[in-house]
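The values are calculated or read from the model by the stated rules, or taken from the named source; none is laboratory data. Given the structure is predicted, the values throughout are model-derived calculations rather than measurements. Every residue, glycine as well, gets a Cβ built from its backbone with ideal geometry; the counts of neighbours run over all protein chains shown.
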Amino acid sequence: MPFQFSKEKFWLEPPSEKLRKELEEELKLSGADLKSHAWYHGCIPWEVSESLVANHGDFLIRDSQSSSGDFVLTSRWEQKTLHFLVKKTAVQSSETYTRVHFSLETEAFDSLPALIHFYVGSRETLTHWSGAQIQQPVNRTLPLSYLETAFRTTAATPIGHQGASDGSMSGEEWVSPQSRSPSSSRSTSVAPSPSPSRRSDTGRPLPSPSGTIHQQHLDQVSASDLVGSCYTELYPGPQSYVERLRAEEGTSPGVEPLRTEDGNVYFCPVVETVSCFRPSRYQSALMHKENKPLQVGILRRVKELLAEVDPRTAAKHITKADCMVARILEVTPEMQRMMGVTSGMELLTLPHGQQLRLDLLERFQTMAIMLAVDVLGCTGSNEERAGLLHRIIQVAAELKSTMGNMFGFAAVMRALELPQISRLEQTWTALRQRHTEGAILYEKTLRPFMKSLNDGRESCPLSSTTFPHILPLLSLLEKSVAVGDGPEPWETVEVGVDVVMFHLGAARTIAQLGGIYRSNAETKLQGFQEQADVLEIFLTDFQMRLLWGSRGAEENQALRFSKFDQVLTALSNKLEPPVRRH
């Protein structure tokens, strides 16, 4: 039976006494035995190794996934995660005796521990190209025998290899796509990374493993053993939708479409063709059944509510609404049967998830426009508008850091980066003068982080993310309704393929982690007492009615957005008239 996460015990319980004793026995072995070195982590996957080397100078040694018997040094240097395949060379010292030398570049050593001791003690660079050093080891917290069983995968034949003609990439290093710059010019030494969700140590893609932990080992180890260490972060989840489809091939048409897979019940998925947003049927406590676009009384009440609620509380309301639309939270068994999967995070990657993708794009754009209206509709002083900008920046920071909601964060950042907002020079000047810390936070932290997310140079901690960054994926899959004014990151020659492959690979990982996002969201919203009026202003149905009125809210999407772009431009020009150049 595939491993299942336990929300209550996730990250909380330490390894059992049995596993601790087994680890202690390993570390007491002779120094010539690799098991005696805590920096040796055995057969952990490359994804797990990247999650462990969190600090500058961290390193560990693991087994190569693609080259049996070889080792990989994984390290963190200058905010990049690097993987070095350790070269093994047989040296004939006599007719009957052959020694093995270990090396990364030029220096050769008689053993792997000798190599590690040299580079740690001397502070020599690992390779001339990388300039990286290793300083402190990341020690394992579980015995190797346990890790070997937990992470055992089926043998796979590498495909799509681009490298040395003899099939070997020994001695070459590559930079993880989660951290390297897509525009790196070192294409000859950086191996391709078509899919971050499953890849060999040399960057070669491998078929996805079965993802099951052997029942025999589960019988010997308690459930708390499985959830007590950082290794559990990337445990394989339940069987994927594609794997279930394969399992169902050959089923006769007359069979009842109810499926029992991994303890869950599924129906054949229903292809949705109608949006989950029904603004014409939406009943609001803040507006009448028939309302006009941008009705003054409703706008005033929205402004009052936004002014009254503190940024963190606003971020919680936004996250609650976002996760409900994305089907991360409050997903009933009936919804799961209709989707054919357990989470919206998997559904949005599938062909029959198009309507969910379209709904998320609608929500993203509508949220951004509503926040822009809040700023542009403020006809007071520049200082008043600067105060609004500062509050919105604080909400963005809370969504990013406190709530781990990258979707909501991207929507708020979209509002701030709209040309009708960014052109308000007097307002931004007032922000820098009156709210200097907010201006610095936006310009030095939030904007660079947003760009890095879009460019595929930044990823978010799995342990604290409630809603991952899916906007690039939505734009790739639904280009006809994608948002944004300029070209997408992948539409430039320099970084195009790398960025596309990163986001497509990330989508495979996101699809498998819906349970973790749900657990994180439930944890962050635990005890949260929502305010009905505040939650309402962050609901897409309400926002659509507010912006386009009861009659216009369900018009063609492209037409609605085009018209409102003109409205925003008119509001912006009224606040700060364009400078006429003679």
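Residues that are surrounded by 16 or more Cβ atoms within 10 Å (Cβ to Cβ) and under 14 Å from residue 548 (Cα atoms) within region 280-294 comprise 282, 287, 291, 293, 294, listed in sequence order. Yes or no: region 325-332 includes at least one residue that is polar (S, T, N, Q) and under 27 Å from residue 471 (Cα atoms). Yes: one or more hits.
Any chance you could count how many residues in region 404-452 are in contact with a strand residue (DSSP E or B) (Cβ under 8 Å, 6 or more places away or on another chain) and at negative phi? Number satisfying all stated conditions: 4. Among the helices (runs of 4 or more DSSP H) confined to region 367-468, the ones with at least 3 residues that are over 19 Å from residue 314 (Cβ atoms) and in contact (Cβ under 8 Å) with a residue 60 or more places away in the chain are located at 425-434. State whether the residues of region 296-308 include one that is exposed (fewer than 14 other Cβ atoms within 10 Å of the Cβ), in contact with an Asp or Glu (Cβ under 9 Å, 6 or more places away or on another chain) and of a type in the set (A, V, I, L, M, F, W, C). Scanning region 296-308 turns up no residue that is exposed (fewer than 14 other Cβ atoms within 10 Å of the Cβ), in contact with an Asp or Glu (Cβ under 9 Å, 6 or more places away or on another chain) and of a type in the set (A, V, I, L, M, F, W, C). If you go through region 134-153, how many residues are assigned to a helix (DSSP H, G or I) and either among the basic types (Lys, Arg) or in contact with a Cys (Cβ under 7 Å, 6 or more places away or on another chain) (or both)? Adding up the residues that qualify gives 2. For region 470-484, the criterion of a residue being touching a strand residue (DSSP E or B) at 6+ places or on another chain (Cβ under 7 Å), modelled with pLDDT of 90 or more and not hydrophobic (A, V, I, L, M, F, W, C) is satisfied by no position. Among the residues of region 71-85, the one identified as among the aromatic types (Phe, Trp, Tyr) and either closer than 10 Å to residue 134 by Cα or in contact with a Cys (Cβ under 8 Å, 6 or more places away or on another chain) (or both) is 77. Consider region 112-145 and keep the residues that are over 22 Å from residue 23 (Cα atoms) and among the hydroxyl-bearing types (Ser, Thr, Tyr). The one that is surrounded by the fewest Cβ atoms within 10 Å (Cβ to Cβ) is 122. The number of residues in region 103-119 being within 18 Å of residue 40 (Cβ to Cβ) and touching a residue at least 24 places away in the same chain (Cβ under 8 Å) comes to 7.
Against the condition closer than 29 Å to residue 570 by Cβ and not polar (S, T, N, Q), how does residue 403 come out, does it pass? For residue 403, the condition - closer than 29 Å to residue 570 by Cβ and not polar (S, T, N, Q) - is not met. Of all residues in region 320-327, at least one satisfies being surrounded by 20 or more Cβ atoms within 10 Å (Cβ to Cβ), in a helix (DSSP H, G or I) and acidic (Asp, Glu). Filtered by the rule that a residue be assigned to a loop (DSSP other than H, G, I, E, B), more than 24 Å from residue 414 (Cβ to Cβ), in contact (Cβ under 8 Å) with a residue 24 or more places away in the chain and not small (Gly, Ala, Ser), region 332-363 gives 341, 342, 350. For region 101-148, taking the residues that are at pLDDT below 90 and among the β-branched types (Val, Ile, Thr), the one that is nearest to residue 55 (Cα to Cα) is identified as 141.
Could you tell me whether region 509-517 includes any residue that is touching a helix residue (DSSP H, G or I) at 6+ places or on another chain (Cβ under 9 Å), under 22 Å from residue 471 (Cβ atoms), assigned to a loop (DSSP other than H, G, I, E, B) and of a type in the set (Phe, Trp, Tyr)? Looking through region 509-517, none of the residues is touching a helix residue (DSSP H, G or I) at 6+ places or on another chain (Cβ under 9 Å), under 22 Å from residue 471 (Cβ atoms), assigned to a loop (DSSP other than H, G, I, E, B) and of a type in the set (Phe, Trp, Tyr).
When you go through (1) in contact with a Leu (Cβ under 6 Å, 6 or more places away or on another chain); (2) under 16 Å from residue 519 (Cα atoms); (3) charged (D, E, K, R) one by one for residue 330, which number turns out not to apply? All conditions pass for residue 330, except number (1).
Does residue 575 count as of a type outside the set (Val, Ile, Thr), modelled with pLDDT of 95 or more and out of contact with any strand residue (DSSP E or B) (no Cβ under 7 Å at 6 or more places or on another chain)? In short, no.
Within region 277-284, at least one residue is free of Cβ contacts under 8 Å to residues at least 24 places away in the same chain and among the basic types (Lys, Arg).
Note on region 485-509: among residues that are surrounded by 22 or more Cβ atoms within 10 Å (Cβ to Cβ) and at pLDDT 65 or above, the one that is farthest from residue 410 (Cα to Cα) is 498. Summed over region 330-387, the residues that are buried (at least 23 other Cβ atoms within 10 Å of the Cβ), charged (D, E, K, R) and more than 19 Å from residue 430 (Cα to Cα) give a count of 2. Among the residues of region 104-123, those identified as closer than 19 Å to residue 32 by Cβ and either among the hydrophobic types (A, V, I, L, M, F, W, C) or in contact with a strand residue (DSSP E or B) (Cβ under 8 Å, 6 or more places away or on another chain) (or both) are 108, 109, 110, 111, 112, 114, 115, 116, 118, 120. Taken together, the residues in region 256-313 that are modelled with pLDDT of 90 or more, among the polar types (S, T, N, Q) and not in a loop (DSSP other than H, G, I, E, B) amount to 1. Starting from residues that are surrounded by fewer than 12 Cβ atoms within 10 Å (Cβ to Cβ) and hydroxyl-bearing (Ser, Thr, Tyr), keep the ones in region 77-100 and report whichever is modelled with the highest pLDDT. By that ranking, first place goes to 98. Residues that are crowded, with 19+ Cβ neighbours inside 10 Å, touching a Ser or Thr at 6+ places or on another chain (Cβ under 8 Å) and assigned to a loop (DSSP other than H, G, I, E, B): does region 526-545 have at least one? Within region 526-545 (the criterion being crowded, with 19+ Cβ neighbours inside 10 Å, touching a Ser or Thr at 6+ places or on another chain (Cβ under 8 Å) and assigned to a loop (DSSP other than H, G, I, E, B)), the answer is no, since none of the residues qualifies.
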